[in-house]
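Sharing a structure here in C-alpha cells format.
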Amino acid sequence: MDLHSLISHLVSRAPAFARRMQQAGLSPDAVHSLSDLAALPVQRKGSLVELQAADPPFGGMLAVTPGELKGIYQSPGPIYTPEPKVADAWRWAPALQTAGFGPNQGVLNAFGYHLSPAGVMFHEGLAALGCTVIPGGVGNQEQQVRLLHHLELTGYVGLPSYLKALLDKAEELSLPLSLQRAFVAAEPLPPSLRDELQRRGVQVRQGYGTAETGNLGFECDALAGWHVPDDVWVQICDLTTGAPLPAGEVGEVVITSKSPHYALVRFGVGDLSSLDTSPCTCGRTSARLMGWQGRADAAVKVRGLFVHPRQLAALVARFPSIVYWQGEITRHNHKDRLVLRIETTDPSVAQQVEVLAPSVVKIRLEVQAVAPGSLTPDAEPLVDARTWN
Ligand SMILES: [Zn+2]
C-alpha cells in the first residue's frame, strides 16, 4: 500500500487518526509523500494512555475490526497494543536472519511473554525463520542454564545483561554451553559488554524497536548503526517543531508504520537518535539509526524551545578545563532563565561558553563559574527549578 492509500484507509477506519488529520488541516488527498505529512504534529507515546483511557481499548486508532486481531498485549503505561493476523507481525525475521539465525536452530527466547508483546514478537520472528524456539521468558536462571546445556542451544534472544548472567551461572554450575549467536535489544549494549560476550564465544547483534512499533532497526556485520527495515518510515525530527531533520542531526525518532491495521503515523517513540544515509559496507542501501542517544523526555522547554541535557554536554565538551557542570532553569517575571554553572580550572572560559552557546544549544544562557566543591560528578545535568504559581 502506498502512503496515499494507507492514509486514506486509516482516516476512513480510525476515528482518532481522522481527528488528528482534521485538526492539522490535512486531507488524505493531499498526502502523497512523507513530506506532505510534515504538518501533522508528532503524536507522543504518552498520548496513547489518555486516548486509550477515553476510548478503550485502542483509543480510536485501530483500523481493523477487533475480530481481525491475532492478539492484544499490554505494555507498561499501561498501553494496549493490537497484533494483526499476519505472520511475524512485529517484523523481526529479517533482523534475526541478518544476525545469522536460521532453520533448525535451537534458540532460547528470554524476553517476557507475560502481557507484554516482547516475548511473542521475537518468538514469531524466530518461528518465521524456521528456528526451534524455547519460550524461556524472564527469570528462572538456573533452569534456563540447564536447558541451554541439555538442549545444546546455539541461539539466544533477550537482554544482553541477562545473557551475561546466564553465562556466569553456567560457569558457576560447570555446565558447558553451545551458544554461538545472540540477538539483543531493549537496553543499551556497552562496547565492553559486547566485547566480553564475544570473548566468551557468542556473536552479538543488536536490534532496536518498541512494543508498539516492532522492528525499527538492526545491525549488520559492519556494526555501523541500525539498518531501518523497509516496512516502516523512520524520520528524525526537531523536538520543538516536529520538522524532519537532515541526516546526521540529532532529534526524536518518529515513525510511520506501513501496516494498515493500526494508525501509527508520525508517532514519536521518545528516543533520540540520528540517521546516516551513506552506503553501508554490507551492501544494504537503507538508512541507519546511529544508536540510542538519550530520551526525548529529558528535554525541557525553555523560552519555547526544547533544551536537552546532551546539548549542554556537547557545549561543555568543547572546554576541557570544565570539570563539573549543571544547568538550571528558573523563572523570573514570567521569563525563563537558563544558567549553566561550571566548575573549571580556568574561570576565563565562562565568557567563551556563553558566546558559543547559541550555536550549540540554540538559545542564550548565562554561565557562572562556581567554587571548587560546589558541584559533584553525579550532579543532575539539567534542573528545572521553575515554579508556576
Ligand atoms: Zn550494513
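The values are calculated or read from the model by the stated rules, or taken from the named source; none is laboratory data. Since the structure is predicted, the reported quantities are computational estimates derived from the model, not experimental observations. In this analysis, Cβ positions are derived from the backbone assuming ideal geometry, glycine residues included, and neighbour counts consider all displayed protein chains. The area values use the complete protein model at the heavy-atom level, side chains included, leaving out ligands, DNA and RNA. Shrake-Rupley method; radii C 1.70, N 1.55, O 1.52, S 1.80 Å.
Using only the Cα atoms of the chain, what do you get for the radius of gyration and for Dmax, in Å?
For the chain, the Cα radius of gyration and maximum Cα-Cα distance read 23.4, 70 Å.
Quick one: net charge of PHE101's neighbours, Cβ under 10 Å, K/R +1, D/E -1?
Neighbourhood net charge equals +2.
Multiplying the sequence separation of ARG303 and ALA127 by 0.36 nm and subtracting their Cα-Cα distance, what value in nm do you get?
Using 0.36 nm per residue and subtracting the Cα-Cα distance, I get 58.3 nm.
With each pseudo-label sitting 7 Å past Cα toward Cβ, what's the GLN368-ARG318 distance in nm, one decimal?
2.3 nm
Non-local amide H neighbours of VAL370 (under 5 Å, H modeled in plane, Pro and chain starts lacking H): which ones?
Here ILE342, GLU343, THR344 satisfy the definition.
Counting pairs of alpha carbon atoms under 8 Å apart in space and at least six apart in sequence, what relative contact order in percent does the stretch 84-295 give?
Computed over the stretch 84-295, the figure is 15 percent.
Place a label point 7 angstrom from the Cα of LYS70 along the Cα-to-Cβ direction, then list the residues of the stretch 183-226 whose backbone nitrogen is under 14 Å away.
Correct set: 214-215.
Top to bottom by accessible area (1.4 Å), largest first, where do TRP292, TRP233 land?
The residues order as TRP292, TRP233, largest area first.
Can you work out the Karplus-derived ³J(HN,Hα) for every residue in the stretch 257-263? Use 6.51 cos²θ - 1.76 cosθ + 1.60 with θ = phi - 60°, whole Hz, and x for glycine or proline.
7, 8, 7, x, 8, 8, 7
Go ahead and run the numbers for FRET between THR241 and GLN198, Cβ-Cβ distance against an R0 of 51 Å, rounding to 0.05.
So, using R0 = 51 Å, E works out to roughly 0.80.
Scan around LEU153 for amide H atoms under 5 Å from its own, H built in the peptide plane at 1.01 Å from N, and keep only partners 5 or more places away or cross-chain.
SER178
Considering only the chain, what is the antiparallel percent among its DSSP beta bridges, to the nearest 5?
Within the chain, antiparallel bridges account for around 65 percent of the total.
Rounded to the nearest 10 Å², what accessible area does THR210 show when all protein chains are kept and the probe is 1.4 Å?
Solvent-accessible area, nearest 10 Å²: 20 Å².
Quick one: pull the percent of accessible area on the stretch 68-219 belonging to carbon and sulfur, 1.4 Å probe, ligands and nucleic acids left out.
With neighbouring chains kept in place, the figure for the stretch 68-219 is 53 percent.
Roughly what would the spin-label model give for LEU147 and GLN351, points 7 Å off Cα along C-beta, in nm?
Going by the 7 Å Cα→Cβ label model, 6.7 nm.
Given a 1.4 Å probe, how much area per residue of the stretch 300-384 is accessible, in Å²?
55 Å²
Ignoring ligands and nucleic acids, what accessible area does ARG91 show with a 1.4 Å probe (Å², nearest 10)?
Approximately 40 Å² of ARG91 is accessible to the 1.4 Å probe.
How much of the DSSP beta bridge set in the stretch 1-151 is antiparallel, as a percent to the nearest 5?
Beta bridges within the stretch 1-151, antiparallel portion: roughly 60 percent.
Where the only charges are on Cβ atoms (+1 Lys, Arg; -1 Asp, Glu), what is the dipole of the stretch 270-336 about its Cα centre, to the nearest 20 debye?
Approximately 120 debye in magnitude.
Continuing with the same structure: Could you give each residue of the stretch 215-223 its phi-based ³J(HN,Hα) in whole Hz, using Karplus coefficients 6.51, -1.76, 1.60 with θ = phi - 60°, and x for Gly or Pro?
4, 10, x, 7, 7, 9, 5, 6, 6
Sticking with this one: Largest first, how would LYS45, LYS335, LYS70 line up by accessible area (1.4 Å probe)?
LYS335, LYS70, LYS45
Let me ask another. State the extension gain, in nm to one decimal, for the chain segment bounded by THR281 and GLN23, taking 0.36 nm per residue of separation less the distance between their alpha-carbons.
Fully extending the segment from THR281 to GLN23 adds 88.5 nm.
Still on this structure, please answer the following. Ranked from the most accessible area to the least, with a 1.4 Å probe and all protein chains present, what is the order of GLU152, GLU196, GLU354?
GLU152, GLU354, GLU196
Additional query: Report for the stretch 300-384 the percent antiparallel among DSSP-assigned beta bridges with both residues inside it, nearest 5.
That works out to approximately 65 percent antiparallel.
If you don't mind, there's one more thing I want to ask. With r as the distance between the Cβ atoms of ASN104 and SER12 and R0 = 41 Å, compute the FRET efficiency 1/(1 + (r/R0)^6) and round to 0.05.
E(calc), rounded to 0.05, equals 0.40.
Determine how many Å³ per residue the convex hull of the Cα atoms of the stretch 1-122 encloses.
Per-residue hull volume (Cα only) is 142 Å³.
Calculate one ³J(HN,Hα) per residue across the stretch 298-313 by plugging θ = phi - 60° into the Karplus curve 6.51 cos²θ - 1.76 cosθ + 1.60, and present them in order as whole Hz with x for glycine and proline.
7, 6, 10, 7, 10, 6, x, 10, 6, 10, 10, x, 5, 5, 5, 4
Label ASP231 and LYS335 with points 7 Å out from Cα along Cα→Cβ: what is the distance between them in nm?
With each label placed 7 Å out from Cα toward Cβ, I get 5.4 nm.
Moving to a separate point now. Name the residues whose placed amide hydrogens come within less than 5 Å of the amide hydrogen of LEU245, ignoring near sequence neighbours (fewer than 5 apart) on the same chain.
Placed amide hydrogens put ILE236, CYS237, ASP238 under 5 Å from LEU245.
Further, regarding this structure: Please report the accessible area of CYS282 (heavy atoms, 1.4 Å probe, ligands and nucleic acids excluded) in Å², nearest 10.
The accessible area of CYS282 comes to roughly 50 Å².
Run the helix sum for the chain: -39,500 (n - 2.57) per DSSP H stretch of 4+ residues, divided by residue count, reported at 222 nm to the nearest 500 deg cm²/dmol.
-7500 deg cm²/dmol
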